[in-house]
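Scroll down for the structure; my scribbles are underneath it.
The values are calculated or read from the model by the stated rules, or taken from the named source; none is laboratory data. Bear in mind that the values here come from a model prediction, so they are computed numbers and not experimental data. We place every Cβ from the backbone using ideal geometry, glycine too, and count neighbours over all the protein chains shown.
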Amino acid sequence: MALTPDIPFPWQQRHWQQLQQAREQGRLPHALLLSGAVGLGKSSFATALAQALLCQQPDEAGRACGRCRSCRLNAAGTHPDLHRVSPEEGSSQIRIDAVRKLLHDGVLSVGECRHRVFILEPADALGGPAANALLKTLEEPIDGIHLLLLSAHPEKLPITIRSRCQQLRFLPPPGEQAVAWLEHQGVPGKRAPGLLEISGGAPLAALEIAANGADERYRRMAEEFMELAQGEGNRDPVELAERWLKQVEPGLLQGYMISWLLQVIRQQLDGGRDGAPVNGVQMPRNLPNLRSVYRLLDNLFEIQRNLNHNLNAQLILEKLLLDWYRIARGAY
Ligand SMILES: [Zn+2]
């Protein structure tokens, strides 16, 4: 893992400074929970923080120097005191063996330097037994041990874990800052707002969408979604669900639907805007009942909270699209 000179990102400065201050005063929390949506750079932030903690001569801003032995080890991805724990491939949970190994190898053995950093990502993948094993470490902090838990769904973590971490909440930056950052990365300013709309304001996610041209796919899906409400193009909810799931993962799709429904609501509250397209997508002409649209939104939020990526994604999506189809016909 290369060193990360551009980190913290502009929208992470406040968190970084806050941690540096705590570090200078010798009161850096030994367990941090970095929470926030995907695409806000939590992972990069955690890596930069870990490298800074392990660096022998951090710069004035508290960032890793990039030259010392520790930094060279980190640049090569071989620092013995930086440990990462994630679910194994094909699994959605962090195994208890992985946590035990972490505690045994990392916490109890003597490492290269004073600090040892553990990055658990995503932390909400800690199953019950794994969480319990970790809890012991959280209850009895050891000097020089830093636990960085990363999660886009901190509410899924056991309360016993959450309450023992200091939480750093990462929020999407203000629109202008995100657009400026994207432009700096080479994304045309005209395209940036649309990308941010898709990514829920998360700049790194927007950049990834730009890189693989997913905004065009998103626009086409939005069109199909609106056509479904309109009864045009012989859209069939079941066929749409099947096809979309082949293109986009369920969590992301639900995020898309939320942003489309919000556009529909916004347009209605604006008095219909004479049926003008939004981001190149024609809104439904027959304005659906707002109460029903809000009910569908509530369902989506509820599903997002309880998301199990593998469970019945197709059925859930079919039901949502069918509801949308019926709402547009005043039958929901
Ligand atoms: Zn260094």
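Taking the criterion of being buried (at least 19 other Cβ atoms within 10 Å of the Cβ) and within 17 Å of the chain's Cα centre (by Cα), the residues of region 159-196 that qualify are Leu168, Phe170, Pro172, Pro173, Ala178, Leu195, Leu196. Of the set (1) more than 19 Å from Leu40 (Cβ to Cβ); (2) crowded, with 16+ Cβ neighbours inside 10 Å, all apply to Leu150 but (1).
So which residues in region 162-175 are more than 17 Å from Ile119 (Cα to Cα) and at pLDDT 95 or above, if there are any at all? Once the filter is applied, which keeps residues that are more than 17 Å from Ile119 (Cα to Cα) and at pLDDT 95 or above, region 162-175 yields Leu171, Pro172, Pro173, Pro174.
The criterion of being modelled with pLDDT under 85 and surrounded by fewer than 21 Cβ atoms within 10 Å (Cβ to Cβ) does not hold for Ser86. Criterion first (among the polar types (S, T, N, Q) and within 27 Å of the chain's Cα centre (by Cα)) does Ser70 satisfy it? Taking the combined requirement at face value, the residue does not satisfy it. With respect to the conditions (1) surrounded by 12 or more Cβ atoms within 10 Å (Cβ to Cβ); (2) more than 27 Å from Ala331 (Cβ to Cβ); (3) at pLDDT 90 or above, Phe225 lacks only one, and its number is (2). Scanning region 294-315 for residues that are polar (S, T, N, Q) and modelled with pLDDT of 75 or more gives Asn299, Gln304, Asn312, Gln314. Against the conditions (1) within 19 Å of Lys42 (Cα to Cα); (2) in a loop (DSSP other than H, G, I, E, B), Phe118 satisfies every one except (2). Within region 73-96, the only residue that satisfies the criterion of being part of a helix (DSSP H, G or I) and more than 16 Å from the ligand (Cβ to nearest atom) is Ile96.
If you check Ser35 against the conditions, is it more than 13 Å from the ligand (Cβ to nearest atom), surrounded by 21 or more Cβ atoms within 10 Å (Cβ to Cβ) and among the polar types (S, T, N, Q)? Judged against the criteria, Ser35 is a match. Scanning region 38-72 for residues that are within 14 Å of the ligand (Cβ to nearest atom), among the aliphatic types (A, V, I, L, M) and not in a helix (DSSP H, G or I) returns Ala61, Ala64.
Of the residues making up region 227-259, those that are under 26 Å from the mean Cα position of the chain (by Cα) and of a type in the set (Val, Ile, Thr) number 2.
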